[in-house]
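Student: Dumping the structure here so I can ask a few things about it.
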Amino acid sequence: MNDYVSFVKKMACEILEMLAEGLKIQPRNTFNKLVMNEESDSIFRLNHYPPCLDDQFKGGNLIGFGEHTDPQIISVLRSNNTFGLQILLKDGNWVSIPPDQTSFFINVGDSLQVMTNGMFKSVRHRVVANKSKSRLSMIYFGGQPLCKKIAPLPSLMKGGDSVYQEFTWFEYKKSAYRSRLAENRLGEFEKIAAS
Ligand SMILES: O=C(O)CCC(=O)C(=O)O
Ligand SMILES: [Fe+2]
């Protein structure tokens, strides 16, 4: 397991470096150095969703993991071949992500959304229970140290305004623990546009 975590951490860092390069951010290690920092608040989670019998569905979706956005910078998910993960589209529809045990599913976290001033979105997702098969997933969440300040990068504001106030990862977590899973945890840090 330690080997797997080291591998996905390295991959997450390489992806973050490529993102910075694509966005012409200098230095190129702006994002990945946060995850590589010895004090980075990264976690690894294993989820198991047992199959749910038909009569528990009562016609609707039975939720295995409620809707939310991932808080950290980047999430690297792998699952078995069981459907369940869905993402919310802008039009309000949920779409299923086809499971593929040979692929990684990469998610932008709230922190990356803030650092890119909303250019990259942390997509809302959830897991619905499967009627016949159990789902297993493992996710590495690459985060920053608790004391690190999170704010939009000046080079990405291009003369526009910052959409978020600066806050520390510790402040985000403190406020997230007080909130419900489905809440927009960035709401508290959004700047109100002057009218
Ligand atoms: O189990 C999954 O596919 C996703 C779980 C998830 O979104 C999470 O652990 O944050
Ligand atoms: Fe998630």
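Student: Scan segment 1-13 and tell me whether some residue there is acidic (Asp, Glu) and either in contact with a Ser or Thr (Cβ under 8 Å, 6 or more places away or on another chain) or touching a residue at least 60 places away in the same chain (Cβ under 8 Å) (or both).
Tutor: Scanning segment 1-13 turns up no residue that is acidic (Asp, Glu) and either in contact with a Ser or Thr (Cβ under 8 Å, 6 or more places away or on another chain) or touching a residue at least 60 places away in the same chain (Cβ under 8 Å) (or both).
Student: Within segment 47-62, is there a residue that is modelled with pLDDT of 95 or more and of a type in the set (A, V, I, L, M, F, W, C)?
Tutor: The answer is no, given that none of the residues of segment 47-62 is modelled with pLDDT of 95 or more and of a type in the set (A, V, I, L, M, F, W, C).
Student: Within segment 17-27, is there a residue that is closer than 20 Å to Cys147 by Cβ, out of contact with any Lys or Arg (no Cβ under 6 Å at 6 or more places or on another chain), open to solvent by less than 100 Å² (accessible area, probe 1.4 Å) and part of a helix (DSSP H, G or I)?
Tutor: No, segment 17-27 contains no residue that is closer than 20 Å to Cys147 by Cβ, out of contact with any Lys or Arg (no Cβ under 6 Å at 6 or more places or on another chain), open to solvent by less than 100 Å² (accessible area, probe 1.4 Å) and part of a helix (DSSP H, G or I).
Student: Go through Asn37, Asn2 for me and flag whichever is open to solvent by 90 Å² or more (accessible area, probe 1.4 Å) and either out of contact with any helix residue (DSSP H, G or I) (no Cβ under 9 Å at 6 or more places or on another chain) or closer than 22 Å to Arg135 by Cβ (or both).
Tutor: After ruling out the rest, the residue left standing is Asn2.
Student: Name the residue that is nearest to Phe104 (Cα to Cα), counting only residues in segment 147-195 that are in a loop (DSSP other than H, G, I, E, B) and among the hydroxyl-bearing types (Ser, Thr, Tyr).
Tutor: Applying the filter and picking the extreme gives Ser179.
Student: Looking at (1) within 16 Å of ligand 2 (Cβ to nearest atom); (2) assigned to a helix (DSSP H, G or I), which is the one condition that is false for Cys13?
Tutor: (1)
Student: So which residues in segment 99-140 are within 16 Å of ligand 2 (Cβ to nearest atom), small (Gly, Ala, Ser) and either closer than 18 Å to Pro50 by Cβ or at pLDDT below 95 (or both)?
Tutor: Ala129, Ser137
Student: Here's another thing I want to ask about it. Of the residues Val127, Val123, Val76, which is within 14 Å of ligand 1 (Cβ to nearest atom) and either of a type in the set (Lys, Arg) or closer than 23 Å to Phe7 by Cα (or both)?
Tutor: Val76
Student: I've got another one for you. Regarding Gly66, is this residue open to solvent by less than 70 Å² (accessible area, probe 1.4 Å) and assigned to a loop (DSSP other than H, G, I, E, B)?
Tutor: Here the answer is no, as Gly66 does not meet what is asked.
Student: Go through Asn61, Asn107 for me and flag whichever is of a type in the set (S, T, N, Q) and in contact (Cβ under 8 Å) with a residue 40 or more places away in the chain.
Tutor: The conditions single out Asn61.
The values are calculated or read from the model by the stated rules, or taken from the named source; none is laboratory data. No experiment lies behind these values; they were computed from the predicted model shown. In this analysis, Cβ positions are derived from the backbone assuming ideal geometry, glycine residues included, and neighbour counts consider all displayed protein chains. Side chains included, ligands, DNA and RNA excluded: accessible areas come from the protein's heavy atoms. Shrake-Rupley method; radii C 1.70, N 1.55, O 1.52, S 1.80 Å.
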